[in-house]
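The block underneath contains the structure these notes are about, expressed in structure tokens.
The values are calculated or read from the model by the stated rules, or taken from the named source; none is laboratory data. All of these numbers come straight from a predicted model, not from anything done at the bench. Neighbour counts run over all protein chains shown; Cβ positions are idealised from the backbone, glycine included. The accessibility values were calculated without ligands, DNA or RNA, using every heavy atom of the protein model including side chains. Shrake-Rupley method; radii C 1.70, N 1.55, O 1.52, S 1.80 Å.
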4 protein chains.
Amino acid sequence: MAKAAVLGASGYLGGELIRLLSYHPDIDVTEAVSRSQAGKTVGEVSPSAEQYSDIVLRANSDGIDVDVAFLAQGAGEAMPVVPSLLERGIRVVDLGPDYRLPSAEEYARVYGRPHIDVEHLPEAVYGLPELFGDQVKGARLVANPGCYPTATLLAIAPLAAAGELHGPVVVDAKSGTSGTGALPSASAHHPEAALTVLPYGMPEHRHGPEMAAALGRLGAHHVPIVFVPHVVPLVRGILCSIYAAPGGGADAARWTALYQHRYEASPFVRVGGVPRLPWAQGTNRCYISVQPVGNVPVVFSALDNLGKGGAAQAIQNANLMLGLDETAGLSLPGFGV
Amino acid sequence: MAKAAVLGASGYLGGELIRLLSYHPDIDVTEAVSRSQAGKTVGEVSPSAEQYSDIVLRANSDGIDVDVAFLAQGAGEAMPVVPSLLERGIRVVDLGPDYRLPSAEEYARVYGRPHIDVEHLPEAVYGLPELFGDQVKGARLVANPGCYPTATLLAIAPLAAAGELHGPVVVDAKSGTSGTGALPSASAHHPEAALTVLPYGMPEHRHGPEMAAALGRLGAHHVPIVFVPHVVPLVRGILCSIYAAPGGGADAARWTALYQHRYEASPFVRVGGVPRLPWAQGTNRCYISVQPVGNVPVVFSALDNLGKGGAAQAIQNANLMLGLDETAGLSLPGFGV
Amino acid sequence: MAKAAVLGASGYLGGELIRLLSYHPDIDVTEAVSRSQAGKTVGEVSPSAEQYSDIVLRANSDGIDVDVAFLAQGAGEAMPVVPSLLERGIRVVDLGPDYRLPSAEEYARVYGRPHIDVEHLPEAVYGLPELFGDQVKGARLVANPGCYPTATLLAIAPLAAAGELHGPVVVDAKSGTSGTGALPSASAHHPEAALTVLPYGMPEHRHGPEMAAALGRLGAHHVPIVFVPHVVPLVRGILCSIYAAPGGGADAARWTALYQHRYEASPFVRVGGVPRLPWAQGTNRCYISVQPVGNVPVVFSALDNLGKGGAAQAIQNANLMLGLDETAGLSLPGFGV
Amino acid sequence: MAKAAVLGASGYLGGELIRLLSYHPDIDVTEAVSRSQAGKTVGEVSPSAEQYSDIVLRANSDGIDVDVAFLAQGAGEAMPVVPSLLERGIRVVDLGPDYRLPSAEEYARVYGRPHIDVEHLPEAVYGLPELFGDQVKGARLVANPGCYPTATLLAIAPLAAAGELHGPVVVDAKSGTSGTGALPSASAHHPEAALTVLPYGMPEHRHGPEMAAALGRLGAHHVPIVFVPHVVPLVRGILCSIYAAPGGGADAARWTALYQHRYEASPFVRVGGVPRLPWAQGTNRCYISVQPVGNVPVVFSALDNLGKGGAAQAIQNANLMLGLDETAGLSLPGFGV
């Protein structure tokens, strides 16, 4: 039984990690850290937590002795602690953005702060297992992808690999409000959020450069992505509608076959009809559908931003890093409604 | 054309006052005050405002010269300015709670702060025009009722007057999130509010003593009210479900007739079937329905917490105070959906 | 491994049964029946179903050979098939209302049709395991309670047992729309349901007599219940706010202790603070909180109408009937958000 | 005072017409027609209607004597009655699709039925007053545009006119559920609609050819539109996110100036920051914003599908046809929240 720590345990991603790990057969949460809620128990912060309710939240990760640490914190919070964790032999899955971009320069440009762990940045593996699973297996440090990049990259990677991605690609994303985090904010204030669709992130959402970097790793360096996220009045779930530039006529059947073939060995990607978000709720699944519109195939991808777009994918990465079955603890059912 | 000032113009009630007054034939907004947004224009704070977009928000009400001031602020914010406004001959409609309770002692007990304008507290009229309209007409200072008391009192006053109110009365209220105000808060954070029903205000919501005081004014001193508000995933609207203790057998027809008779001269109260909240949205209407359940008649009342439960009723009060038609500016249509 | 059939497999309760049973260690779904969707596969009807996707839906239950049948159908649909199922040695959990009421006369009055299986009606056990678990263990035929009665009875049984239930009891229930079933209807049409709170079921909802009958079994024959359900804009979940007549002064601590003691051995009932509905989603848990309001304790109970209020409780009953661990397959985690 | 008839008075568009016309100073509803609800009063069907509550719904339009008829019905329902209405000198605003497409052949292809009023089809004016207002003024028969085409065409017409529309244009639309109409349906069933975003209309939504035809009238014949509508969990409102192919570098300021200049004389189009849908609720306004994303300007347009996207625009057209002030009855305020 591997021992795990959850840092940022009082946030939504941290809560989801604790929730999912309570049913993991091979990983046990033994430490939980929350700067803002230190001293309380997990049960006080997350009353729905059951198995781990009595763990007392620590103020920091000093001296914890675990096999893997999940860092579910905001930008800039992983870099100060990752070196120490790695030095102590702890594998790290960072759910924040500190290790997702390929260079300290790009990180400084996008996040407006210098990168303070340039030593380990090069070894960080971008943890999208369906695309980079082989690298994840041997990694000490994994950068868990953002929710939007996960949905987008799974949806366009097969086209990129087939040489059918001719730019630019329009990615119109619709996300629930849990993506804004547990801290109340104007854009997620219910009276403001419940009755509208809010496009945001112009002129450049931080997940845009992350997508571009990942596309570069896939060899599609020169495909521009026009990415606009929208907050819709949902709590969980992301649907990306992706408009790839047409490349030689609509052939939905051929495209669907391309996707099915690409993902036939992937236990968490489902290719089929137009998806519903509840199917993905609480799971590590991403549902993909290719639909012709005029002579343009449009790709839809759906996932739970806290599941495959966050905590569940982090567990998938940890499974690979620890040599466990990739699907361990991740076969919980989704919902019909 | 009467001149009006709106204090608290950047809040939801303030915004609704400006919205409604933009269509008022006899009252013109000439001043708007917002401590937090002073210096901006109304249009910058409320992009949907049209007519009054160019008014620059003032930091306070010093020196304003108007006929009526609407105070749309929180507890404790009216008392410091009301004496000066009255002294300058300005009529005041206070949408906050400072002048709703009958004594400084009760105010101090309920709101946890001393009342600092005991001089004017006795002359304040409780501005529920359907019940106390005659007093409103001559008033300089009107305490606009809370949203829950408005819905509750309109629904039980006919029973109280008929001597059919045998205690205790259970008031189970369901409110949209706009009642929490424009400031982001944990209870109105979309991910927390959108998927649940949240009872709150135990053991005593502040609107309970307000209801009790108003019942006292109606001569029903000894009817205890068990009041529990719930936040439901709506933005606007309150539905109160009111369970009056049975007093001699169910007779829905007789009760409905009692209500219809009581409100036949009231332009803003509608007695009929089970109401839908959109009917009341943006209006000064309260919809009331009496339905038998077993041998107990249950009363439902529905209104817009920012309309009849707030800004629209404040305008109704101002109309009466200024000698205008009670319905002036208040005939905007509700919605089917 | 016990073999199970799900009748009504294309409805919401049927879909939830299949979802939950896909993770049950000791029960395997081998047959699924849907009159309206016969010939399709489970996967075509419920794309999120995984393990059982390839089962072909049968038009009826003729000739099925299973250990237990879950009947997830509407009123009147169980009675015609239960005799045959029992005769073939199949245990039956009926999620519909046909066997919930204590007499054929009461059934005919409430459901407006004669009961056609008076032979087996007397042996049906009312399957609320926390109250009647001993009877469930030996039963061939269990009537799974309605969603509202489950939430209400768990919340008031401790008071009834303690002799502290003095009538009448007001039950104001708030339910999500999935309770209306999978068939589109006016009251669950999104434009009608999303922006209001709809009280319904006046003058007598069918679950009222069911509650009264169960109270009778508990010895509280003469406690009248004033029950009004409301549809709120949620999909899953019920919150009941229960106002028990005051019986000698508010003592929240004593009441909470009473509840905690009553349910300390119940794995699925949690007594504590004010609950949130996501905690219960997809689970067999019921969360109960006692809160003082004035001198009246108010009881809140929260559950998932398709979980503890439906499919999950049906599995709990089947576990007991089959001699399995009561919690088998029912330890899936709820949600924080 | 012009006399008006509303056909389809029991639907959502019909209800909105009656609602809005109750505040129109120069048009009076004197007749209302509803095949399905004939014999009932308007008030029975639309309890929030006030002024027109007592009008008895007629089964058809035979013999009505009005100045203008609003046809708020589905595809195929206008063609049979328009000839008779025109013959009797009644002006017609058709809110359905029967007269929107430029030829009977195109109509037959898109709607799957032959056009049966080819005589009047050529004279029908496409009633988007901001683009074709001069033609509307003299028209007897106006085809009121669809909700999506209204939002899309207002957003791209300035680019088309400036020769800056280089194809293809991606239109990703998000609509509330009221667009599906008053009849309950699977896609608007609350449990299905409330927790997801549903793309639909593939491979070709009927509003696509309508947009193409209108673009043709604007001289932009060869700009392909890739249009995908999505149902989001809102009741009212449409947000279109429009991705125009880049044409020479991002210059948000220049584009905004282009739009502001184009619509400076249009009382119902507002060009500015990112809009919120409540601003448009119940109004005839369309809010447009141009935002740079990378080097691509993205255009957002927001309106109420029952307002500017339906009933309010129909009234705007009728105002022009009857020689009234274009804004008569259409200055109701939108909402902040």
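In the set (1) within 12 Å of another protein chain (Cβ to nearest Cβ); (2) on the phi > 0 side of the Ramachandran plot, residue B:278 fails one condition alone, (2). Just checking, does the stretch C:270-287 include any residue being under 21 Å from the mean Cα position of the chain (by Cα), of a type in the set (Ser, Thr, Tyr) and over 28 Å from residue C:29 (Cα atoms)? Within the stretch C:270-287, one or more residues are under 21 Å from the mean Cα position of the chain (by Cα), of a type in the set (Ser, Thr, Tyr) and over 28 Å from residue C:29 (Cα atoms). The residues of the stretch C:319-337 that are under 11 Å from residue C:26 (Cβ atoms), part of a loop (DSSP other than H, G, I, E, B) and away from every other protein chain (no Cβ under 12 Å), listed by number, are C:322, C:323, C:324, C:325, C:328.
For the stretch D:41-64, which positions are more than 17 Å from residue D:90 (Cβ to Cβ), out of contact with any Phe, Trp or Tyr (no Cβ under 9 Å at 6 or more places or on another chain) and buried (at least 17 other Cβ atoms within 10 Å of the Cβ)? Those that are more than 17 Å from residue D:90 (Cβ to Cβ), out of contact with any Phe, Trp or Tyr (no Cβ under 9 Å at 6 or more places or on another chain) and buried (at least 17 other Cβ atoms within 10 Å of the Cβ): D:45, D:49, D:50, D:52, D:55, D:57. Kindly indicate whether residue A:123 is surrounded by fewer than 24 Cβ atoms within 10 Å (Cβ to Cβ), modelled with pLDDT of 95 or more and over 17 Å from the mean Cα position of the chain (by Cα). So residue A:123 fits the description; yes. Every test in (1) in contact (Cβ under 8 Å) with a residue 12 or more places away in the chain; (2) open to solvent by 30 Å² or more (accessible area, probe 1.4 Å); (3) closer than 28 Å to residue B:1 by Cβ; (4) polar (S, T, N, Q) is passed by residue B:295 save one, and that test is (3).
Take the residues in the stretch B:298-337 that are of a type in the set (Val, Ile, Thr) and free of Cβ contacts under 8 Å to residues at least 60 places away in the same chain; name whichever of them is surrounded by the fewest Cβ atoms within 10 Å (Cβ to Cβ). Of everything passing the filter in the stretch B:298-337, B:337 is surrounded by the fewest Cβ atoms within 10 Å (Cβ to Cβ).
I'd like to check which strands (runs of 3 or more DSSP E) are fully inside the stretch A:265-305 and have at least 2 residues that are farther than 14 Å from residue C:48 by Cα and touching a Leu at 6+ places or on another chain (Cβ under 7 Å). Before you say what the answer is, go through the steps one by one.
Working: elements: A:269-271, A:286-293, A:296-303.
So the answer is A:296-303.
Results for (1) modelled with pLDDT of 95 or more; (2) surrounded by 24 or more Cβ atoms within 10 Å (Cβ to Cβ); (3) within 14 Å of chain B (Cβ to nearest Cβ), shown as yes or no for each residue.
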| site | (1), (2), (3) |
| --- | --- |
| A:130 | yes, no, no |
| A:136 | yes, no, no |
| A:140 | yes, no, no |
| A:145 | yes, yes, no |
| A:161 | no, no, no |
| A:174 | yes, yes, no |
| A:185 | yes, no, yes |
| A:191 | yes, yes, yes |
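Restricting attention to the stretch C:22-32, the residues that are within 13 Å of chain A (Cβ to nearest Cβ) and buried (at least 24 other Cβ atoms within 10 Å of the Cβ) total 0.
Evaluate the following for residue D:272: is it open to solvent by 10 Å² or more (accessible area, probe 1.4 Å), within 14 Å of chain B (Cβ to nearest Cβ), of a type in the set (Gly, Ala, Ser) and under 30 Å from residue D:252 (Cβ atoms)? Show your work before the answer.
Working: open to solvent by 10 Å² or more (accessible area, probe 1.4 Å): yes; within 14 Å of chain B (Cβ to nearest Cβ): yes; of a type in the set (Gly, Ala, Ser): yes; under 30 Å from residue D:252 (Cβ atoms): yes.
So residue D:272 fits the description; yes.
Working only within the stretch D:200-235, note down all residues that are in a loop (DSSP other than H, G, I, E, B) and either within 8 Å of chain A (Cβ to nearest Cβ) or without any contact (Cβ under 8 Å) to a residue 24 or more places away in the chain (or both). Answer for the stretch D:200-235, where residues must be in a loop (DSSP other than H, G, I, E, B) and either within 8 Å of chain A (Cβ to nearest Cβ) or without any contact (Cβ under 8 Å) to a residue 24 or more places away in the chain (or both): D:200, D:202, D:203, D:204, D:221, D:224, D:232, D:233, D:234.
Given the structure, is residue A:167 surrounded by fewer than 22 Cβ atoms within 10 Å (Cβ to Cβ), within 14 Å of chain B (Cβ to nearest Cβ) and in contact (Cβ under 8 Å) with a residue 24 or more places away in the chain? Talk me through it step by step, then tell me what you get.
Values: surrounded by fewer than 22 Cβ atoms within 10 Å (Cβ to Cβ): yes; within 14 Å of chain B (Cβ to nearest Cβ): no; in contact (Cβ under 8 Å) with a residue 24 or more places away in the chain: yes.
Spelling it out, it is not the case that residue A:167 is surrounded by fewer than 22 Cβ atoms within 10 Å (Cβ to Cβ), within 14 Å of chain B (Cβ to nearest Cβ) and in contact (Cβ under 8 Å) with a residue 24 or more places away in the chain.
Of the residues examined, residue B:77 is one that is open to solvent by 50 Å² or more (accessible area, probe 1.4 Å) and in contact (Cβ under 8 Å) with a residue 60 or more places away in the chain.
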